[in-house]
Amino acid sequence: MAEGTWVPYEQLLKQLHISERAVRDFRAQGIFLPGEHYYRVGNGTKNGRLVFHLEGCRKSLLKLTVEVEKKAKAAKAVTYDKEYLDELIQEVH
């Protein structure tokens with residue numbers, strides 16, 4: 001298990017400034033992984049209290065932010081179809 005600060009669910013929400021829904025989504029999407037980013041307290045039951053690795057969760061969110069920004073930047077890139085590119089090339093020559 002990772003060294004660092006392990007915090008209860010409620011504190012994670014405050015420390016990372018995220019919502020309960022965001023945490024559920026990050027778990028469902030595999031961004032927060034069991035045994036790496038969080039564990040359950042209470043005989044391994046499904047309803048056990050969740051405890052999160054603060055630094056690990058923050059690192060995963062930073063990585064996600066970079067990926068999202070790269071995709072957004074790529075989506076804004078100007079693209080041309082082949083015909084238009086051919087026209088531009090003809091104008092240059």
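The values are calculated or read from the model by the stated rules, or taken from the named source; none is laboratory data. Keep in mind that what you see is a predicted model, and the values were worked out from it rather than measured. Note that we place each Cβ from the backbone using ideal geometry, even for glycine, and neighbour counts take in every protein chain shown.
Residues that are within 11 Å of the chain's Cα centre (by Cα) and charged (D, E, K, R) do occur in region 18-41. Within region 37-93, being part of a loop (DSSP other than H, G, I, E, B) and in contact with a Ser or Thr (Cβ under 7 Å, 6 or more places away or on another chain) holds for one residue alone: His37. Among the conditions (1) outside any helix (DSSP H, G or I); (2) in contact with a helix residue (DSSP H, G or I) (Cβ under 8 Å, 6 or more places away or on another chain); (3) of a type in the set (Phe, Trp, Tyr), the only one that Phe26 does not satisfy is (1). Residue count for region 9-39, restricted to those that are surrounded by fewer than 16 Cβ atoms within 10 Å (Cβ to Cβ) and in contact with a strand residue (DSSP E or B) (Cβ under 6 Å, 6 or more places away or on another chain): 1.
Of Val78, Val68, all but one fail to be loosely packed, with under 11 Cβ neighbours inside 10 Å, modelled with pLDDT under 95, more than 15 Å from the chain's Cα centre (by Cα) and not aromatic (Phe, Trp, Tyr); the exception is Val78. Could you look through region 1-17, keep only residues that are free of Cβ contacts under 8 Å to residues at least 24 places away in the same chain and assigned to a loop (DSSP other than H, G, I, E, B), and pick out the one that is nearest to the chain's Cα centre (by Cα)? My answer is His17.
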